[in-house]
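Presented below is the structure to which this report refers.
The values are calculated or read from the model by the stated rules, or taken from the named source; none is laboratory data. Just so you know, these numbers come straight off a predicted model, no measurement behind them. Glycine also receives a Cβ, built like all others from the backbone with ideal geometry; neighbour counts cover every protein chain displayed.
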Amino acid sequence: MRKAFFMLLLIPLLICAQEVKKPDAWSPFKYFIGSWKGTGKGEPGVSQVERTYKSMLNGKFIQVNHTSVYAPQEKNPKGERHEDIGFFSYDRARKMFVLRQFHIEGFVNQFKAETVSADGKLIVFVSESLENIPQGYRAKETYKILNENEFMETFEIAAPGKDFTVYSENHFTRQK
């Protein structure tokens, strides 16, 4: 009888003690899902940019497809087309996001998320490794969300022993 009484007391507590919902670690990155277009500028010149972000493999990764088409200019009269494919992943052991990029020029960059602001509007990745680039170089990618349909991306490079300098800056607008 006592056990039944205690069980009756515990049932409401068990019903009310719902599992605390953990915050979604991916929430800052879900903003990017979709198609984007925009313009770029920097050392390679002025460009038209396109990018898509797609959730992959049961939401464990986000695939990034990027194209920049640079207009002809004095130092590059034919212009240039740059393509890269990347993947965001979450490294549970280190409790951080990682970005891996594979570039048409043969570069492979791996970045770790150094900063993800509390509001998710500023994300900074710093290179952990740069493949097929001279030893000692570093790179940084910064994403700044301007509003629900616009963001800026700044790519910076640092030569060995030097500070970061802006290589290119892209302004994206959501297409869908």
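List every residue pair whose Cβ atoms sit under 8 Å apart, with the two residues 6 or more apart in sequence or on different chains, where the first one lies in segment 32-43 and is farther than 21 Å from L122 by Cβ and basic (K, R) and the second, anywhere, is in a loop (DSSP other than H, G, I, E, B) and modelled with pLDDT of 95 or more.
Sorted first by the residue in segment 32-43, then by its partner, the pairs are K37/Q175.
Taking segment 44-54 as the region of interest, how many residues are closer than 28 Å to R92 by Cβ and surrounded by fewer than 16 Cβ atoms within 10 Å (Cβ to Cβ)? Can you show your working first?
Pass one, segment 44-54, residues closer than 28 Å to R92 by Cβ: 51-54.
Among the residues that remain, those that are also surrounded by fewer than 16 Cβ atoms within 10 Å (Cβ to Cβ) are: 54.
Matching residues across segment 44-54 total 1.
Being outside any helix (DSSP H, G or I) and either surrounded by fewer than 13 Cβ atoms within 10 Å (Cβ to Cβ) or modelled with pLDDT under 90 (or both) narrows it down to one residue among K78, K41, K3; which is it?
Details: K41 fails: either surrounded by fewer than 13 Cβ atoms within 10 Å (Cβ to Cβ) or modelled with pLDDT under 90 (or both); K3 fails: outside any helix (DSSP H, G or I).
Exactly one of K78, K41, K3 is outside any helix (DSSP H, G or I) and either surrounded by fewer than 13 Cβ atoms within 10 Å (Cβ to Cβ) or modelled with pLDDT under 90 (or both), namely K78.
Looking only at segment 58-71, filter to residues that are modelled with pLDDT under 95 and surrounded by fewer than 16 Cβ atoms within 10 Å (Cβ to Cβ); which one of those is farthest from the chain's Cα centre (by Cα)? Even if it seems obvious, please write down each step before you answer.
Step one: list which residues in segment 58-71 are modelled with pLDDT under 95, which gives 58-60, 70-71.
Applying the additional criterion that residues be surrounded by fewer than 16 Cβ atoms within 10 Å (Cβ to Cβ) yields 58-60, 71.
Working: N58: 18, G59: 14, K60: 14, A71: 26 Å.
Restricting to residues being modelled with pLDDT under 95 and surrounded by fewer than 16 Cβ atoms within 10 Å (Cβ to Cβ), the top hit is A71.
May I ask you to list the residues in segment 129-162 that are assigned to a strand (DSSP E or B), surrounded by fewer than 14 Cβ atoms within 10 Å (Cβ to Cβ) and in contact with a strand residue (DSSP E or B) (Cβ under 9 Å, 6 or more places away or on another chain)? Give the derivation first.
Going through segment 129-162, the residues assigned to a strand (DSSP E or B) turn out to be 129-131, 138-147, 150-158.
Imposing the further condition that a residue be surrounded by fewer than 14 Cβ atoms within 10 Å (Cβ to Cβ) reduces the set to 129, 131, 146-147.
Hits for segment 129-162 are S129, E131, L146.
Give me the residue from segment 99-124 that is of a type in the set (F, W, Y) and within 15 Å of the chain's Cα centre (by Cα) and, out of that set, surrounded by the fewest Cβ atoms within 10 Å (Cβ to Cβ).
Restricting attention to segment 99-124, the residues satisfying the condition of being of a type in the set (F, W, Y) are 102, 107, 111.
Retained after the next criterion (residues that are within 15 Å of the chain's Cα centre (by Cα)): 102, 111.
Details: F102: 15, F111: 22.
Here the residue is F102.
Only one of these conditions is not met by G120: (1) assigned to a strand (DSSP E or B); (2) touching a helix residue (DSSP H, G or I) at 6+ places or on another chain (Cβ under 7 Å). Which number is it?
(1)
So which residues in segment 133-176 are under 20 Å from V108 (Cα atoms), more than 18 Å from the chain's Cα centre (by Cα) and not β-branched (V, I, T), if there are any at all?
Residues satisfying the conditions are P134, Q135, G136, Y137, A158, A159, P160, F164.
Report yes if Q110 is of a type outside the set (A, V, I, L, M, F, W, C), in contact with a strand residue (DSSP E or B) (Cβ under 8 Å, 6 or more places away or on another chain), at pLDDT 95 or above and under 22 Å from L130 (Cβ atoms), otherwise no. Walk me through how you get there before you give the answer.
Values: of a type outside the set (A, V, I, L, M, F, W, C): yes; in contact with a strand residue (DSSP E or B) (Cβ under 8 Å, 6 or more places away or on another chain): yes; at pLDDT 95 or above: yes; under 22 Å from L130 (Cβ atoms): yes.
The answer is yes for Q110.
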